[in-house]
Amino acid sequence: GESVGLHLPTLSVQEGDNSIINCAYSNSASDYFIWYKQESGKGPQFIIDIRSNMDKRQGQRVTVLLNKTVKHLSLQIAATQPGDSAVYFCAVTVGNTPLVFGKGTRLSVIA
Amino acid sequence: EAQVTQNPRYLITVTGKKLTVTCSQNMNHEYMSWYRQDPGLGLRQIYYSMNVEVTDKGDVPEGYKVSRKEKRNFPLILESPSPNQTSLYFCASSSQGQPQHFGDGTRLSIL
């Protein structure tokens, strides 16, 4: 089955700097990838997604990069702000099978 | 406003006393799911439902029941709760192939 891992459980960045959060997955057939943000006391909130037919997708201040060769996914946050402090999860799936979540990276923004 | 609503948000109860956590979504989503979130273990799926009257076990279904009699509701039932079911629970819903929307969570403490 699929397993999803993260490279760093915590990440601290200076306000205004760019943040990069990484995720690795195991199943080369995975075709849909999602990043979620979870703030304290709230449920995970959708940030951005990407399908396996793309390598890069951009949103507002966020970019997701997918490297299928090494089964690696990253979330880049530009000009990180205090409001970006949260736990970030990647989630991966194949077809209609249930999402498999990584354990999360806690991003702390230093003012 | 599109949302997933869970009730109660907090509950402290005792071992063996049956409880139900309700989940309702107003987005006409086919897919609904329950997760538990524990420190160091991330989000783990308990049960999911692809549509009305269709439910399936996730990764950690033991000790839980669900039902999907109506499209909008997906209650989680603990027939005989035990302390190892103390956790933070999330309900989520989505359309097929789309990112899941999460509720704000239910924190259960079973003494």
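Under the condition of being among the hydrophobic types (A, V, I, L, M, F, W, C) and more than 10 Å from the chain's Cα centre (by Cα), which residue from the stretch A:63-76 is most open to solvent (accessible area, probe 1.4 Å)? Spell out the reasoning first.
Here is the first cut: in the stretch A:63-76, the residues among the hydrophobic types (A, V, I, L, M, F, W, C) are A:64-66, A:70, A:73, A:75.
Next, only the ones that are more than 10 Å from the chain's Cα centre (by Cα) stay: A:66, A:70.
Values: A:LEU66: 11, A:VAL70: 95 Å².
That would be A:VAL70.
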**Request:** Could you please give the count of residues in the stretch B:73-111 that are assigned to a loop (DSSP other than H, G, I, E, B), away from chain A (no Cβ under 14 Å) and open to solvent by 40 Å² or more (accessible area, probe 1.4 Å)?
**Result:** 4
**Message:** With the requirement that a residue be among the charged types (D, E, K, R), touching a residue at least 12 places away in the same chain (Cβ under 8 Å) and within 14 Å of chain B (Cβ to nearest Cβ), what does the stretch A:44-91 give you?
**Reply:** A:ASP49, A:ARG51
**Request:** Name, by its number, the condition in (1) open to solvent by 20 Å² or more (accessible area, probe 1.4 Å); (2) touching a Ser or Thr at 6+ places or on another chain (Cβ under 8 Å) that does not hold for A:MET54.
**Result:** (2)
**Request:** Please enumerate the residues belonging to the stretch B:44-72 that are out of contact with any Ser or Thr (no Cβ under 6 Å at 6 or more places or on another chain), open to solvent by 40 Å² or more (accessible area, probe 1.4 Å), within 14 Å of chain A (Cβ to nearest Cβ) and closer than 16 Å to B:THR22 by Cβ.
**Result:** none
**Complete:** Within the stretch A:88-111, restricting to residues that are under 15 Å from A:LYS37 (Cα atoms) and surrounded by fewer than 19 Cβ atoms within 10 Å (Cβ to Cβ), the one that is modelled with the lowest pLDDT is A:LYS103
**Message:** Any residue at all in the stretch B:54-68 that's assigned to a strand (DSSP E or B) and among the aromatic types (Phe, Trp, Tyr)?
**Reply:** no
**Prompt:** Which of (1) touching a His at 6+ places or on another chain (Cβ under 6 Å); (2) open to solvent by 60 Å² or more (accessible area, probe 1.4 Å) does A:ALA24 not meet, given it meets every other one?
**Reply:** (2)
**Message:** Just to check your reading of the model, which residue among A:PRO9, A:PRO44 is more than 17 Å from A:THR63 (Cα to Cα), under 13 Å from the mean Cα position of the chain (by Cα) and exposed (fewer than 15 other Cβ atoms within 10 Å of the Cβ)?
**Reply:** A:PRO9
**Item:** Members of the stretch B:16-43 found to be open to solvent by 20 Å² or more (accessible area, probe 1.4 Å) and of a type in the set (Gly, Ala, Ser), listed by number
**Value:** B:GLY16, B:SER24, B:GLY40
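The values are calculated or read from the model by the stated rules, or taken from the named source; none is laboratory data. All values derive from a computational prediction rather than experimental measurement. In this analysis, Cβ positions are derived from the backbone assuming ideal geometry, glycine residues included, and neighbour counts consider all displayed protein chains. With ligands, DNA and RNA removed, areas are computed over all heavy atoms of the protein, side chains included. Shrake-Rupley method; radii C 1.70, N 1.55, O 1.52, S 1.80 Å.
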